Amino acid sequence: MKASSSSTEPARPLVLGVDHSLDDRRWCYRASDEGLIRELCQRHGFDDALARIVAGRDTGIAALGPAGLDPKLRDLMPDPSTLVDMEKAAARFVQAIRDKQQIAVFGDYDVDGATSTSVLVHFCRDLGHEALTHIPDRMAEGYGPNIPAMEKLKAAGADLVITVDCGTLAYEPLSKAAELGMDLLVLDHHIAEPALPTCHALVNPNRLDDTSGQGHLAAVGVTFLFCVAVRRALEQAGWFAETGHDTPDLMKLLDLVALGTVADVVPLQGLNRAFVVQGLKVMAARRNQGLVALSDVARLDETPTPYHLGFVFGPRVNAGGRVGEASLGTQLLTETDPIKAEEMAKALDLYNRERKTIEAQVQEQAIDYAAQTYVGNQADAPIIIAQGAGWHPGVIGIVASRLKEAWRRPSFVLAVGDDGLAKGSGRSVPGVDLGSAVTAASEAGLLVNGGGHAMAAGLTVAVDKIPAMQEFLETRLAPQVRALGTAHELGVDAVLSAGAASREFLDKIAGAGPFGQGNPEPRFVLANMQISFAKPVGDGSHIRFSARDKDGTGKIDGIAFRVSETPLGEALLARKTALHLAGHLRINRYNGRESVQLVLEDAVSAAG
């Protein structure tokens, strides 16, 4: 630890004066508005740590007070008609139901697409209609609507096609669908261009003329609002009274909405918080047979949390689209037979294991490529772009995330095919809008296609245009990357003693959740801790340890992942000096017992 030598003070106050940790980070408090923190404590009775967590995030809780700690749909749901084209889309759907027209849903092969498709399939069933579905094969069809798929749906009798989590930039396929005599509804959330495709209605909070303020929603959130709008339109038209159909219970679909919201890494703010909090309650009731089967195959024996959505359910639903059968995730989430659901869940689990093997191979090659490419004058490049022939397109998004974490800047991974095209996937860092940059590159004629949102984007580019694309993206994103500064910050919420890190404390701060993108998991510093035990575990890259307060009054167990042969790992194993420890507090369950565990991310010598 050392005093800052910079002539410019950091925007946020330092934690314990740390501006150079073992992981080369500057520790900064996330919340710097002490007035707001005092107000939350004095006016609303918040615990100091909880107040600091709330004050350090733009989740809307501070404005709501205690009510914000238990987000409910009735408090946060907007009128669906505030989204452009929503009423028009709902009216066309109502017409299809009234006239018994064939509805088809065209989804994406990721979790957001699978859950969006599944929400509509379940909703249609509740209205007495069985919708057709089509999930494109990643390898054979690529992302989004395509002309052969539109022709196939027409041949199957589709009158109305609803694209979910895609379609905003599908100009030619949607025009072809219109020529074939089908009406198109687009339910999407990806960044739009000024020109919109031919369709009956396009509902997307990220189209340029939409002022709903719901641009943070995943496609599954937009789809849920669409179902709300349709149900209201059917009620107003007297359809339920006329037909005797029960009014659909939309709340039962929130488990799917929560899964798609977390897995698509959209900000857990505003309405998204309510979707996830309430959706987890629905999921715990085990009503969706597909999710029940996934829980069982993953041996989940506890109440599901956002972690399970992102790292247990999500990867398995995704696995079919990445390395197996693209539609299998949607089939599972819409299956009502528990026996069939179990078979599908086991298949997806096997695909997920295969995905991990492929991912490890591509990741090693991509990291080697980046390490060799971004050296010398290229070391300060605003973005990382790694490319390789034969890389599996199904894992490049995950690998792009690994590169982003390793280089701490936006990263793309390109899988170069034999057809002269490269399929790419990018992941960003907070403050750098990747989706807009890719959309701009597409508008500039540098891509075959491309789009996305702030934190993630996908594209297809001709191999001979990769250099021009890279120059364009670097030029456009450089100012945003420079604005982040060169120092790598580690946001900290509060300094705790080991004794304060209790289960009761975790229960108290849980109301600020769910935690994830846009609402990061709280990070705490335990000061002046002496490592009393440390041992490599697993494959040897992880270290399990125990630490005590310097005065010996408090103790905590912890785990540090992938730290072997790093300064952090060496400091833990040396056990020589007291350390300030920074990380997340989580419940560790083992042999039926629960304890609070520190998941260590960084440390610094407490000796100064």
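Descriptive notes on the structure:
- Answer from Gln363, Gln378, Gln372 - the residue that is polar (S, T, N, Q) and in contact with a Lys or Arg (Cβ under 6 Å, 6 or more places away or on another chain): Gln363
- Residue check for Glu172: over 28 Å from the mean Cα position of the chain (by Cα) and farther than 22 Å from Leu271 by Cα: yes
- Among the candidates Gly320, Gly329, Gly279, Gly310, residue that is surrounded by fewer than 23 Cβ atoms within 10 Å (Cβ to Cβ) and in contact with a helix residue (DSSP H, G or I) (Cβ under 6 Å, 6 or more places away or on another chain): Gly310
- Of all residues in the stretch 157-181 being touching a residue at least 40 places away in the same chain (Cβ under 8 Å) and assigned to a loop (DSSP other than H, G, I, E, B), the one that is surrounded by the fewest Cβ atoms within 10 Å (Cβ to Cβ): Gly157
- Just one residue in the set Leu473, Leu459, Leu447 is buried (at least 18 other Cβ atoms within 10 Å of the Cβ), part of a loop (DSSP other than H, G, I, E, B) and not assigned by TED's automatic domain parsing to the domain that holds Pro522; that residue is Leu447.
- Residue match in the stretch 372-380 (condition: in contact (Cβ under 8 Å) with a residue 24 or more places away in the chain and either out of contact with any Phe, Trp or Tyr (no Cβ under 9 Å at 6 or more places or on another chain) or outside any loop (DSSP other than H, G, I, E, B) (or both)): no
- The set of residues from the stretch 241-273 being of a type in the set (Gly, Ala, Ser), assigned to a helix (DSSP H, G or I) and surrounded by fewer than 21 Cβ atoms within 10 Å (Cβ to Cβ) comprises just one member, Ala241.
- When residues of the stretch 568-608 are limited to those that are part of a helix (DSSP H, G or I) and in contact with a strand residue (DSSP E or B) (Cβ under 9 Å, 6 or more places away or on another chain), the one surrounded by the fewest Cβ atoms within 10 Å (Cβ to Cβ): Ala574
- Among the helices (runs of 4 or more DSSP H) confined to the stretch 12-127, the ones with at least 1 residues that are in contact (Cβ under 8 Å) with a residue 60 or more places away in the chain, under 30 Å from Leu333 (Cα atoms) and in the same structural domain as Ala326 (by TED's automatic domain parsing) are located at 86-98, 111-126.
- Residue match in the stretch 485-492 (condition: more than 30 Å from Gly260 (Cα to Cα), free of Cβ contacts under 8 Å to residues at least 60 places away in the same chain and of a type outside the set (A, V, I, L, M, F, W, C)): yes
- Within the stretch 119-160, the set of residues being touching a strand residue (DSSP E or B) at 6+ places or on another chain (Cβ under 9 Å) and polar (S, T, N, Q) comprises Thr133 only.
- Filter pass, Pro536 being more than 22 Å from Arg593 (Cα to Cα), modelled with pLDDT of 95 or more and not acidic (Asp, Glu): yes
- Among the candidates Arg402, Arg409, the residue that is in a helix (DSSP H, G or I) and either surrounded by fewer than 18 Cβ atoms within 10 Å (Cβ to Cβ) or modelled with pLDDT under 95 (or both) is uniquely Arg402.
- Among the candidates Gly552, Gly518, residue that is modelled with pLDDT under 90, surrounded by fewer than 18 Cβ atoms within 10 Å (Cβ to Cβ) and not hydrophobic (A, V, I, L, M, F, W, C): Gly552
- Boolean, Arg98 is modelled with pLDDT of 95 or more, under 29 Å from Pro136 (Cβ atoms) and not polar (S, T, N, Q): no
- Of all residues in the stretch 381-399, those that are assigned to a loop (DSSP other than H, G, I, E, B) and closer than 21 Å to Val448 by Cβ total 7.
The values are calculated or read from the model by the stated rules, or taken from the named source; none is laboratory data. From a predicted model like this one, the values you see are computed outputs, not experimental measurements. Glycine gets a Cβ as well: all are built from the backbone with ideal geometry, and neighbour counts include every protein chain shown.
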